[in-house]
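The values are calculated or read from the model by the stated rules, or taken from the named source; none is laboratory data. Just so you know, these numbers come straight off a predicted model, no measurement behind them. Cβ placement follows ideal geometry from the backbone for every residue including glycine, while neighbour counts extend to all protein chains displayed.
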């Protein structure tokens, strides 16, 4: 068992999970971070205190073994946190995040994971948003042999806002994605988009459920899911569900999947681009529409690069 | 430069081109006119390699190479360019990035290094100015939300970038207002040279007033029924195809 409990000292914080221990670098008066490892499971507690300046955490899982990680995130009133995880999880992973956003806090989560194709990876995130909170949740993955993504959002108080975007580029994988948005309080906003590219006998499923309680007037909730199927053997199954129990809401959902438009591919090849590269550009375009939802320039560049490398 | 011999083409088992013969020499400008459904766009897409068009018989030799042995990208790299009647939208890909990619594909084929970013920007500005294209357009997605005129100008801009030896313009004048037609035509005229040939497909005389053809051919039922010089276009404009 190893235990770390230290104050970290700047707004940029590096948390590394390495071979024999956990390293939390940098001290700050704005963040309390502790890590406890027990029976192969790592428990990480992150508490961000109120600050005018956002704290940025770079999470790096460098250990060459299956990683079982439980993260508790607490953003105190007005706190701002940005988390970036670009880990490859070379032997697979199971990550559970439980985040609690207090009034006026802001959380940005960027997961750009290029997984080892032969591994199994599971990701579960439960997030509770208080009044005037914003959670921007961007997930980019190339998929793995077996992959599960499950996110449950509770918009628990007025004017809470969730912006979620999932991008999956799969290759010979089974990838199950679930996104549940629970509008529990009035005047909350959710805007979710999911895009999947399925190829090489891959199967992608997206279950997107929005529920709006009776008392939730002035709710705005949009959900769109799209799948691009690159070959005959691959599948995309999009299942949007809406449960609306209040008439004073603006809600929309859309789902569409299909093969690439041959007219577009011909247009690209007629300019000298090979069929293979034309398909790559097509995928980049299909996914690229969502990149522009990321208003953080640095993260937008990383997302572009991820898509370019994995398309 | 291009020699089409006894070409027959069908789309979904409907015969569109019927034993077509057409020879285009280096530096020549050929206009193809004809009523709707006469096969004008079919010849354009067949030469460019659109898989929806089936070559039933015949041959097309492009600089001595059998065009139908090449895939669409190889035809482009060999110097054939089709300016689309309905340019395709490509959401998610910026126009600047797209133009740079297609330019670099051709540069690679010619054994050159990818273009330097500053040099690309310089050329982009210069070529865009010639067509009165605002630089802002290049940060938008390819043809997405472009007006009809912007799309057609973007086709001519791509042509300018790729430096082809055979240009097929499929109703480039449709959707262009008077000023845009003039600017586009001027840009095309600047690209005319003794080693670049054009096939200009159009319904109307007005484009040919700007880009003067060496030959005019009238298509009907997948065949050339009449050929002549520019006077033939004037005759069609006055009398129509019915006579």
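Taking the criterion of being more than 22 Å from residue B:102 (Cβ to Cβ) and outside any strand (DSSP E or B), the residues of the range B:53-74 that qualify are B:53, B:64, B:68, B:69. Residues of the range A:111-131 that are touching a strand residue (DSSP E or B) at 6+ places or on another chain (Cβ under 8 Å) and in a loop (DSSP other than H, G, I, E, B): A:114, A:115, A:119, A:130.
Selection within the range B:88-99: residues that are surrounded by fewer than 20 Cβ atoms within 10 Å (Cβ to Cβ) and closer than 17 Å to residue B:158 by Cα. The member of this set that is nearest to the other protein chains (Cβ to nearest Cβ) is B:88. Being within 14 Å of chain B (Cβ to nearest Cβ), on the phi < 0 side of the Ramachandran plot and crowded, with 16+ Cβ neighbours inside 10 Å is the requirement here; does residue A:270 meet it? The answer is yes for residue A:270.
Scanning the range A:227-247 turns up one or more residues that are within 14 Å of chain B (Cβ to nearest Cβ), closer than 17 Å to residue A:177 by Cβ and at pLDDT 95 or above.
The selection criterion, being within 11 Å of the chain's Cα centre (by Cα) and surrounded by fewer than 18 Cβ atoms within 10 Å (Cβ to Cβ), holds for residue A:124. Of everything listed in (1) touching a strand residue (DSSP E or B) at 6+ places or on another chain (Cβ under 7 Å); (2) under 25 Å from residue A:110 (Cβ atoms); (3) more than 8 Å from every other protein chain (Cβ to nearest Cβ), the single unmet condition for residue A:280 is (1). Of all residues in the range B:160-188, how many are at pLDDT 90 or above and under 21 Å from residue B:123 (Cβ atoms)? Final tally of qualifying residues: 7. When residue A:294 is tested against (1) part of a loop (DSSP other than H, G, I, E, B); (2) free of Cβ contacts under 8 Å to residues at least 60 places away in the same chain, only condition (2) is not met.
Within the set B:173, B:237, B:221, the sole residue that is free of Cβ contacts under 8 Å to residues at least 40 places away in the same chain and surrounded by fewer than 17 Cβ atoms within 10 Å (Cβ to Cβ) turns out to be B:237. Residue count for the range B:138-157 under the criterion of being more than 14 Å from every other protein chain (Cβ to nearest Cβ), buried (at least 20 other Cβ atoms within 10 Å of the Cβ) and over 17 Å from the mean Cα position of the chain (by Cα): the result is 1.
Residues that are modelled with pLDDT under 90 and touching a helix residue (DSSP H, G or I) at 6+ places or on another chain (Cβ under 6 Å) within the range A:269-293 comprise just one, A:291.
Where strands (runs of 3 or more DSSP E) fall entirely within the range B:1-47, those with at least 2 residues that are farther than 28 Å from residue B:192 by Cβ are at B:2-11, B:14-24. In a residue-by-residue description of the range A:144-162, the property of being closer than 17 Å to residue A:303 by Cβ and surrounded by 18 or more Cβ atoms within 10 Å (Cβ to Cβ) applies to at least one position. Among the candidates A:124, A:89, the residue that is touching a residue at least 12 places away in the same chain (Cβ under 8 Å) and closer than 21 Å to residue A:303 by Cβ is uniquely A:89.
Can you pull out the residues in the range B:100-121 that are over 22 Å from the mean Cα position of the chain (by Cα) and either under 12 Å from residue A:281 (Cα atoms) or at the interface with another protein chain (Cβ under 10 Å from one of its Cβ atoms) (or both)? Correct list: B:108 only. Yes or no: residue A:302 more than 10 Å from chain B (Cβ to nearest Cβ), on the phi < 0 side of the Ramachandran plot and assigned to a helix (DSSP H, G or I)? So residue A:302 fits the description; yes. Going by the conditions given, is residue B:17 more than 17 Å from the chain's Cα centre (by Cα), buried (at least 22 other Cβ atoms within 10 Å of the Cβ) and touching a residue at least 60 places away in the same chain (Cβ under 8 Å)? Answer is yes for this residue. Residues in the range B:37-60 that are loosely packed, with under 15 Cβ neighbours inside 10 Å and free of Cβ contacts under 8 Å to residues at least 24 places away in the same chain: 2 in all. Looking across the range B:61-78, the residues that are more than 8 Å from chain A (Cβ to nearest Cβ) and surrounded by fewer than 21 Cβ atoms within 10 Å (Cβ to Cβ) come down to B:61, B:63, B:64, B:65, B:66, B:68, B:69, B:70, B:74, B:78.
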